[in-house]
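Here's the structure, in structure tokens; my notes come after.
The values are calculated or read from the model by the stated rules, or taken from the named source; none is laboratory data. Given the structure is predicted, the values throughout are model-derived calculations rather than measurements. Methodologically, a virtual Cβ is constructed for each residue, glycine included, from the backbone with ideal geometry; neighbour enumeration extends over all protein chains shown. In case anyone asks, the SASA skips ligands and DNA or RNA and just uses the protein heavy atoms, side chains included. Shrake-Rupley method; radii C 1.70, N 1.55, O 1.52, S 1.80 Å.
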Amino acid sequence: EMAVFFDDIVEMQNSNDPYLAGAPWRPFRVVTPWRLELPVAGGVTRVYGRFRDKAGNISRFTAVDDILYRPAAEFRLFLPAVMVR
């Protein structure tokens, strides 16, 4: 189970700001919903995170992930052609 790797983490901060300015500490969850600050179509946005363990130690480095933004309007749905007799 993935949660075993995080068993000592109790809180986290998430932000679209690399300095996590004003980001509150929240209870840790492996999966957390997050609202992105969206860039222009085709642009990249980033989410930053920091963690705190049971002893109050804060992660030494800020975790970051890049997300490529593609609006739904850029996608097209192609249905398979079906022959009926």
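Which one of Val64, Val30 is modelled with pLDDT of 80 or more, closer than 21 Å to Asp7 by Cα and touching a helix residue (DSSP H, G or I) at 6+ places or on another chain (Cβ under 9 Å)? Testing whether each residue is modelled with pLDDT of 80 or more, closer than 21 Å to Asp7 by Cα and touching a helix residue (DSSP H, G or I) at 6+ places or on another chain (Cβ under 9 Å) leaves just Val30. Scanning the range 40-56 for residues that are touching an Asp or Glu at 6+ places or on another chain (Cβ under 9 Å) and over 16 Å from Pro24 (Cα atoms) returns Ala41, Gly42, Val44, Thr45, Arg46, Lys54, Ala55.
Only one of the numbered conditions (1) within 12 Å of the chain's Cα centre (by Cα); (2) open to solvent by less than 70 Å² (accessible area, probe 1.4 Å); (3) modelled with pLDDT under 80 is not met by Phe6, and that is (1). Checking every residue in the range 17-25 against the condition of being open to solvent by 80 Å² or more (accessible area, probe 1.4 Å) and closer than 19 Å to Tyr69 by Cα gives zero matches. Selection within the range 67-77: residues that are of a type in the set (A, V, I, L, M) and closer than 23 Å to Asn14 by Cβ. The member of this set that is modelled with the highest pLDDT is Ile67.
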